[in-house]
Structures are given as C-alpha cells and as structure tokens.
C-alpha cells in the first residue's frame, strides 16, 4: 500500500469489520463442532480455514478508500494522452479559452489595480480630498487660500494633517539646455500627509517653509536619473526655474520612484513659504487640498468637524468666509470614481466574451463526446462508476482550460501596455501589473471555465442506456441528436448581441480615458 | 474439480452474489454456503474474495446491508438486493447469457 495515497475513513469502520468476520469464524467453528471435533480443535480449524483476517480487513478498508491523488494523476495522464491524440481540436479549444480567459484577466488586473487596491501610500484609505464651495452659487471654488488652509489645519480635530499643492510648468535652466518640468508648489506638511519619506536626503525643514528662509526642492526619481545621472552627491546642487521670475533652489532630497503625485509628470516639489505678503489674503484660490484622517475617524465625523471649523471662520471673517462650505471625499474616490462604472462595464463585456467562448467549447466537446460514446460505454461495462467517468472527462476539460489560462496569463501580462496604449490617461494605469492575485484570479477563471465547458458535456455523454449503445454497431448520427446544440447556438447569438450593445459603452470608456483629465 | 475465484471471470462473482441475495437477506457465511451447495461444490469462494466483493457491491449501492440477529442469536451483517442492484443483475444476466450462448454456439460449430 503506497503511503502517499490519501485515505478517508480509514479506521472508523474497523470494529464492524471485526464483528462481521468473527461471525463467519464462529459459524465455521459451529460447523466443525457439529462434525464431532472438540471446541478448541474446531476453533483452530475454523481460523485456519478462514485465512488471514488481517489481510481481508485491509482489503475491506481499501474498498472504502478514495485514492484521490492516484485517481487524479491517472486522470491527468489520460487527459494528456487525449490532448496529444487530437492536437488540432485541443489547439482550437486552448486558443479560444486563452483569448477568453486572457481578456478577462487583463481587465481584472486593471480593475484590481485601479479600483480594488488602496492608493499606493501607507494607509491610503486615510487620505481625503478637501474642497471649499460657495453655498449660494453652488459652484465649486475648489482651491483654497493659504491662510484658510492653515486655519483648517490648526482648528480641526479629526485630521492628522492637512496640506495643499498646485502645479506649474516651468523651464529648468541650470543645465546646458533648458528643460520643461512640472513643478508642484506645496504647502507645509506635504510629506507628512502622504506618509512618504525621500529615498535620498530629507524632508523640508520648518525654516525652509517660512518666508525668507533658505530655498529647497525635492526632485523626482526620474528627474534625478535623467538630469543628474542618478548621482548620489546631488544633494545641495541647485535647480534654476526660469519661467516668470528666475529663482534657484537647493536640492534637499530625492523622492522614491513610486511617488507620482499629483501625477506621473511631477518632477519637482517646492515649498511655498508661509508668512509672505500674499499669504494672508483669504480671497486667493491656490491650493488643491489633501488631508490625512486620524486613525479610526469616519468620513462623517470629519465632515461634521470641518463644517464646525468653517462656521467658526465665518464668524471671524464674515466678509470672506461666511458663504463657504467644505466638502470632503476620499482621495481614491476622486481619483478613480470617474472610471469605475466604465471599468465594470468592460469587465462585464469580457465576461460575456468568456461565456461565448465557453458555449463554443461546449458545442465542440458535445460533438467530441458523441464520437467517444463507444469508449465511454466500454468503460461503463467494465464497471467504472459514472462519477469516475464524469471526473475523467472534467479532467480533460480542466487540462485544456489550464493550458488556455497559462496562455491567457501571457495576454494579461501584456495588458498594462495595452491599457497604457488605449487608455493612457486612465488613473493609476501605471499600477497595473501581473502579480499573484492576477495569477490566482486566472486559475479561478480556468476552474470556472472547466465547469462551464466540461460539466454539461460530461453529464450528457454519460447518460443513457449503455448496453444499448454498446450493442449498437453503426455510427450514431450527430445531426439532430441534441436539440440542445440549437439552444447553445441561440445562447451564443444572444450573448453576442449583448456584447455589441456593450461595445458602444466601451468606446466611450476609451474616449473618456484618453481625454486629458482636469483635476 | 472445484473452481476457485481466480479462475472465475472478473465480475462473475459479483453477479453470483447478486443472484444469491435475491432469495432474501443473508449474511456472508450464508452466501458462501449457498454458493457451494447450489454449485454442487464446484465453486469454492474464498472469504478473502467474498467479503471485499460484498463491500464493493454495498458501496456501489447494489446491495443494502444491515445488522441483525442471526438464527443462533448472534449479531450478523445481512445483505439484501437494492432496486439498483436488481437492475444491475438483470443487465449482467442478459450479458452473461448472450456471452454463454455465443461461446456455446462456437464450441458446437467447431466440433
């Protein structure tokens, strides 16, 4: 008995085996006594005649065993043989599934990266986007005056910190050739809110964030590599901006490559100092505002808190603050909310596509099962239980689906490139990649595809009177055998029409995603 | 000369057991006795073949088994034919008769 064989219910039935066999021995003993032997002699002869009870018990245990691994291996071997025997059939099925599963996994990888995963910052769910709005006009003013930002940050009790930023395109002229860069001018506490530290160097000091203090700039990993050749001694060197008024600032740090905020074009982060002549004006609209919630604070609490804060400011500065309200939304929502329904719609479409692929394969497998009716009948008549035959047919479908899934993964692996190409401005598009979650999802897809494609043909082809089909010598007529096949064709047409209708919306997604996003 | 199980066609023992059990609930010892008596001592089935076969048939659902008191007052496991087993027996008998007929006619023509 190989020890790697999985067993179920191994010993629980042993007492029953014992008493059943003991009964037999006792009856033999009785028989011997009736023939005139002494009790001991009769018993001894009975045990001898009965033979090895232990060996019989082991065989009885064997009957109850389900050799899972052994059967599975055997099924896989047969499935492999079946695939090699009909390469063109298998290739058609595998390619069909590869397209179906691949498209599905590709879109899922986008959904996973864009919608399901939290933002790629530590505890990204705490990040909120704050906006002010005019209560009477209902028109969003959005951007905040520096003074009000500082008030909000100082007076609230639900945020760890609130910060702001705005971006400007600048020319950087410290090199031989001027270079166009995107600079983000940031309010104090910028890195504290993100929970990110520079990869090289340090955050801004309080002095650097005060009017008249030393100049400072953080540069992006990309800018560091392109402009400075990833020079580790870049700290302290100057960057010169020369668009409206020329000024230089010293590099104090390099951000990690994963930090792509406000967008992936941002190269420089420069503090806007407090206490300058213009920062007290409450009418200016400068900052897009981001805050990090304290741990355990809900969105509702934060909204109520900021509403109170703004009410106090309205009392203090009735002229500028009386009509303002505060809106707070999760940063992730404001980043990806616009594409959510489109992405799910796309996911629905590729799922329908997979369903169409599966119905196609069901038809193929049904036709195939028709040819194998004889083989299946022979197997039945040799005593194979129906479950075993169904399992074996399912294993064949599973091996095909698995091969399709592996090819599909290659398709999905190329997905991020495809998305960048087709929908370059899709938020978070550069976070789309192949990882364990996508592989797992693809595997689940292949199991679902196996059941969708394989179960029905397997059950159909193992139904019916087997001695009849064995006795039948002629070949069965395929046409008209299954009204079901007509049903399948109908289902396919239906799905295709659904897909076409959905196609219109998919084009809208591409158009939307390609539209430059205004934040 | 008695025929031992190894000489029996695979599957034939199953059919014989199903046939014996049609006569009513019976325990393993009884089955081996009946097989011997009815075949006039030609078929001697070893316990090592009989009990695994019984359990296999039970697991397939062709036999139903329950514990009960035997004629001498001891607990014994009684087997009886299930509806599924009845169908199976019919099928196997039909196949067997067909095969036996075919073999017999070949033996006769070749004489």
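Where both partners of a DSSP beta bridge lie in chain A, what percent of those bridges are antiparallel, to the nearest 5?
Taking every DSSP beta bridge within chain A, about 80 percent pair in antiparallel fashion.
Within the range B:75-99, list the residues whose amide N lies under 14 Å from a label point set 7 Å along Cα→Cβ of residue B:42.
Once the point is set 7 Å along Cα→Cβ of residue B:42, nothing inside the range B:75-99 turns out to lie under 14 Å by backbone N.
Counting other C-beta atoms within 10 Å, which of A:148, B:34 has the fewest, and how do the rest follow?
B:34, A:148
Starting from the Cα of residue A:91, step 7 Å toward the Cβ, then list every residue of the range A:356-382 with an amide N under 17 Å from that point.
No residues fall inside that zone.
Would you mind giving the mean number of other chain beta-carbons within 10 Å of the Cβ of each residue in B:52-60, as a whole number?
Average neighbour count from other chains, rounded to a whole number: 4.
Could you tell me the calculated FRET efficiency between residue A:316 and residue A:202, based on Cβ-Cβ distance and R0 = 30 angstrom, to the nearest 0.05?
Once rounded, the FRET efficiency stands at 0.25.
Under a point spin-label approximation (7 Å from Cα along Cα-to-Cβ), what is the residue A:298-residue B:94 distance to one decimal in nm?
According to this spin-label approximation, the distance is 7.0 nm.
Cα-based Rg (one decimal) and Dmax (whole number) for the range A:142-262, in Å?
That works out to 15.0, 49 Å for Rg and Dmax.
Restricting the calculation to Cα positions, tell me the Rg (one decimal) and the Dmax (whole number) of chain B in Å.
So, for chain B, Rg and Dmax equal 15.4, 55 Å respectively.
If each of residue A:62 and residue A:333 carries a label point 7 Å out from its Cα toward its Cβ, how far apart are those two points in nm?
The modelled label-to-label distance comes out at 6.6 nm.
Hey, what angle do you get for helix A:68-85 against the long axis of chain A, alpha-carbon based, 0 to 90 degrees rounded to 10?
80
Set the Förster distance to 25 Å, then compute FRET efficiency between residue B:59 and residue A:70 from the Cβ-Cβ distance, nearest 0.05.
E(calc), rounded to 0.05, equals 0.90.
What nm value, rounded to one decimal, do you get for the distance between residue B:66 and residue A:246 when each label is placed 7 Å out toward the C-beta?
10.6
Set the Förster distance to 56 Å, then compute FRET efficiency between residue A:485 and residue A:264 from the Cβ-Cβ distance, nearest 0.05.
0.65
In the protein assembly as shown, how does Rg compare with the Kirkwood Rh, expressed as the Rg/Rh ratio over alpha carbon atoms?
In the protein assembly as shown, Rg relative to Rh is 1.23.
Give me the inter-chain shielding for B:30-37: mean count of other chain Cβ atoms within 10 Å, whole number please.
Mean inter-chain Cβ contacts per residue within 10 Å come to 1.
Sort B:77, B:40 so the one with the fewest other Cβ atoms within 10 Å of its own Cβ comes first.
In increasing order of surrounding Cβ atoms, one gets B:40, B:77.
Roughly speaking, what is the centre-to-centre gap between the range A:221-243 and the range A:285-340 when only Cα atoms are used, to the nearest Å?
Computed from Cα coordinates, the inter-centre distance equals 35 Å.
How large is the helix-only mean residue ellipticity at 222 nm for the protein assembly as shown, computed as the sum of -39500 (n - 2.57) over DSSP H runs with n ≥ 4, divided by its residue count, in deg cm²/dmol to the nearest 500?
Rounded to the nearest 500, the figure is -17500 deg cm²/dmol.
Any read-out appearing in this document is the output of simple, stated calculations on the displayed coordinates, not a laboratory observation. It should be emphasised that the depicted structure is a prediction, and the values quoted were computed from it without experimental measurement. A quick note on method: Cβ atoms are made from the backbone with ideal geometry, for glycine too, and the neighbour counts reach across all protein chains shown.
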